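Contents: one structure, followed by commentary.
The values are calculated or read from the model by the stated rules, or taken from the named source; none is laboratory data. Since we're looking at a predicted model, the values are computed, not measured. Every residue, glycine among them, receives a Cβ derived from its backbone with ideal geometry; neighbour counts consider all protein chains shown.
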Amino acid sequence: MKMLLEVDAINTFYGPSQAIHDVSFGVAQSEVVALLGRNGAGKSTTLRSIMGLNGAASGRIRYGDRDITRMSPQAIARLGLTLVPETRDPFVLLTVRENIMLGYRPGSPYTLDRLMDLFPLLRELLKKKGGELSGGQQQMMVMARGLAMGPRLLLLDEPSQGLAPIMVKAVASVLKQLKGDGLTILLVEQNLNMALDIADRVVVMENGAVADTFDSATGRAEPARLEQYLAVH
Ligand code: ATP
């Protein structure tokens, strides 16, 4: 299968310490791939390497026909890759509408109207300040901002982290709708059930390396195979 994104044997460092070891995997057009693994396994760093924020010291990252390994984060974003980071980073003094529309690029299928259909909870909050929202509401807002950019590949870092169960459900429902739109998504998750529910394929990371890869149906049928990587020991 031809991959839209191809990560090929990348190694990434923070100063002298190596966080990512020979990581390889691909994401096909319209595929949803979940990166799973314990805290510190290297999932966020992998996303940051793809976006050029923590560039890979060696290896190759290809997007479509382009080699993006050494491109700037701005150039990578212009190609249609959008990262919604774990930190959420809302603009606390801007309104929710401003926070969302800051990302809007003409031509994006995710107009404010469409985003309000996807995130009905945000409709009532548009005039509030970003800093006044709960964690779950902020997560919705930063996802809406990312979508407003009209991404062709959406990278989501732990969208369910720290959210109440009802908000986790709401995020999962949005992701299913995005998948229905045919959007290509690389999702970092610690919530195994949510990842298996949404993703087509799962890539498991351990100690900065890829430990296993399988399709979600296999993961659902053989949960023990996955749980061994996620259990705390
Ligand atoms: P988490 O869910 O905790 O974010 P993760 O799987 O995303 O986990 P990373 O955040 O990518 O893991 O971390 C991978 C490794 O890199 C860890 O050993 C971590 O301590 C280290 N690391 C992450 N960020 C930095 C940094 N800014 N400086 C130095 N080391 C870092």
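Just to check your reading of the model, which residue among Asn54, Asn39 is within 17 Å of the chain's Cα centre (by Cα), in the same structural domain as Lys179 (by TED's automatic domain parsing) and exposed (fewer than 13 other Cβ atoms within 10 Å of the Cβ)? Lay out the reasoning, then the answer.
Working: Asn54 fails: exposed (fewer than 13 other Cβ atoms within 10 Å of the Cβ).
None of the other options fit; the residue is Asn39.
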Restricting segment 76-85 to residues that are buried (at least 17 other Cβ atoms within 10 Å of the Cβ) and in a loop (DSSP other than H, G, I, E, B), the one farthest from the ligand (Cβ to nearest atom) turns out to be Gly80
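What strands (runs of 3 or more DSSP E) lie completely within segment 1-75 and have 1 or more residues being more than 9 Å from the ligand (Cβ to nearest atom), aliphatic (A, V, I, L, M) and touching a residue at least 60 places away in the same chain (Cβ under 8 Å)?
On the way: elements: 3-14, 17-28, 32-36, 58-63.
Because the criterion is at least 1 residues that are more than 9 Å from the ligand (Cβ to nearest atom), aliphatic (A, V, I, L, M) and touching a residue at least 60 places away in the same chain (Cβ under 8 Å), the strands (runs of 3 or more DSSP E) in segment 1-75 that meet it are 3-14, 17-28, 32-36.
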For segment 203-225 the number of residues that are surrounded by fewer than 21 Cβ atoms within 10 Å (Cβ to Cβ) and farther than 27 Å from Met51 by Cα is 8
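Surrounded by 19 or more Cβ atoms within 10 Å (Cβ to Cβ) and touching a strand residue (DSSP E or B) at 6+ places or on another chain (Cβ under 8 Å), is that true of Asp200?
no
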Could you say whether any residue in segment 206-222 is in a helix (DSSP H, G or I) and within 16 Å of the ligand (Cβ to nearest atom)? no
